[in-house]
Amino acid sequence: MRIKNLILKNFRNYSDESIDFADGLNVLFGRNAQGKTNCAEAVFYLCTGISPRSKRDKQLIRRGEPFAEISATAEGRYGKMEIYAKITESGREFKLNGNKITKSAEILGNLFSVFFSPHELRLIQDGPDERRRFLNVSISQLSKPYYVALSRYNKILEQRNNLLKDRNLDTVFDLLPVWDEQLCKYAAVVARKRAEYIEMLAPLAKEAHAFLTDGAENLEISPEKKYKGDEKELEQRLYAELSNNYERDVRLGYTASGPHRDDIDIEIDGIDAKAYASQGQTRTAALSIKLAEVEIFKQLSGEYPVLILDDVMSELDLPRRKKLIERTSGLQTILTCTHAERVLYGLETNKIRIEGGAVKR
């Protein structure tokens, strides 16, 4: 999977710009706050329909403008494609090869991308929400059934939580089984897909981490809960878990069990990385997980994703920079940095200088 050209109109600090990418390493360099990360963000947005930096699409529109447009020409094993997105204050519109995309699920699976920046340290340091978000974004790109099941699960969960706040307890206890039957159907899909994904992720992340650290540290990843069995068994188990905790959920006013509460265990040399890892260990572990994600995309889709490394080099020591460049050789990589890094000298790269939201040629 390769991005050949990216066009930005009124996106963040870009007015109207076209950027050509090479198949290998593309280096976006320039001073801080010039638009390097904005360019990388635009690529990821076209791939996933979400920004890795902002929860509101309207924040992507250049100040004072009514809309933003992003379009890309890409090439994969199924040939060329064109993806287009228009963002306005009131909504957005996506097109694939000129055809309007009407469902959010149809945005996914056309272009694949893995995004890593210093903010990804939240994957290790922050609460379970960040790790679930990582799973949701990654698996949704690879599996539309997962994305659909997750969306429906979240909608039913919201309705169940609203019901739990009702003070008419007779109504609550009468309706809970009805909601739970639907909820568990989708919960089982989400739980099973996550378990399968983590089963693939764990050995790949372990190997990537050993490579980056020259075998000095051991990374272990596992689901906090073991979801064993097929989806029907999971559905029955989750239904029983909810049924046995009606009084607890009513007392709390929300649903306290299910895939929306799950977490991942991450250990370095047998110690909980979430609580005790140093900044350097956290950075390397998060990067290892992202490199493992790249390999999963290759295994399941048949081609590598576009790898985006935003301001990563400044956060790594020289030996690990070299390891990272070696590891990503052969991938289309979009790397942002403030200057031509020493580790890049002598390498064949497509260098693109960004200044004030424009490419300086």
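The values are calculated or read from the model by the stated rules, or taken from the named source; none is laboratory data. The structure displayed is predicted, hence computed values, not measured ones. Positions of Cβ are backbone-derived with ideal geometry, glycine not excepted, and every protein chain shown enters the neighbour counts. SASA here: full protein model, heavy atoms, side chains in, ligands and nucleic acids out. Shrake-Rupley method; radii C 1.70, N 1.55, O 1.52, S 1.80 Å.
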Heavy-atom accessible area of Glu65, protein chains in place, probe 1.4 angstrom, given in Å² to nearest 10, is 70
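Contact order normalised by length for the stretch 183-232, with contacts defined as Cα pairs under 8 Å and 6 or more residues apart; what percent is it?
Computed value for the stretch 183-232: 43 percent relative contact order.
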In debye, nearest 20, what is the charge dipole magnitude of the stretch 238-361 about its Cα centre with +1 on Lys and Arg Cβ and -1 on Asp and Glu Cβ, if you could check?
720
Considering the chain as a Gaussian network with a 10 Å cut-off on Cα pairs, which listed residue, Leu135, Leu163, Leu60, attains the greatest mean-square fluctuation?
Leu163
Using each residue's phi in the stretch 290-303, evaluate 6.51 cos²θ - 1.76 cosθ + 1.60 at θ = phi - 60° and report the 3J(HN,Hα) Karplus result to the nearest Hz, with x for Gly and Pro.
5, 5, 5, 4, 4, 5, 5, 4, 5, 5, 8, 9, x, 8
The chain, relative contact order [Cα under 8 Å, separation at least 6], %
27
Considering only His339, His209, His260, give the residue with the highest GNM mean-square fluctuation for the chain, with springs between Cα atoms whenever their separation is below 10 Å.
His339
Ordering 212-225, 165-178 by per-residue average of other C-beta atoms within 10 angstrom, highest first, gives 212-225, 165-178
The stretch 1-68 and the stretch 294-361 have their Cα centres apart by a whole-number Å value of 16
Amide H proximity to Ile264 below 5 Å, modelled H, separation 5+ or other chain, gives Glu224
Mind checking which lysines have their Cα closer than 25 Å to the Cα of Lys351? Skip sequence neighbours fewer than 8 apart in that chain.
Lys4, Lys9, Lys36, Lys80, Lys290, Lys322, Lys323, Lys360
Roll a 1.4 Å probe over the protein heavy atoms and report the accessible area of Glu293 in Å², nearest 10.
10
The stretch 1-57: relative contact order as a whole-number percent, Cα under 8 Å and 6+ apart:
23
Taking the chain as a Gaussian network, where each spring joins two C-alpha atoms under 10 Å apart, which residue of Tyr78, Tyr239, Tyr227 fluctuates the most?
Tyr78
Using a 1.4 angstrom probe on heavy atoms only, work out the carbon and sulfur share of the accessible area of the stretch 265-361 in %.
44
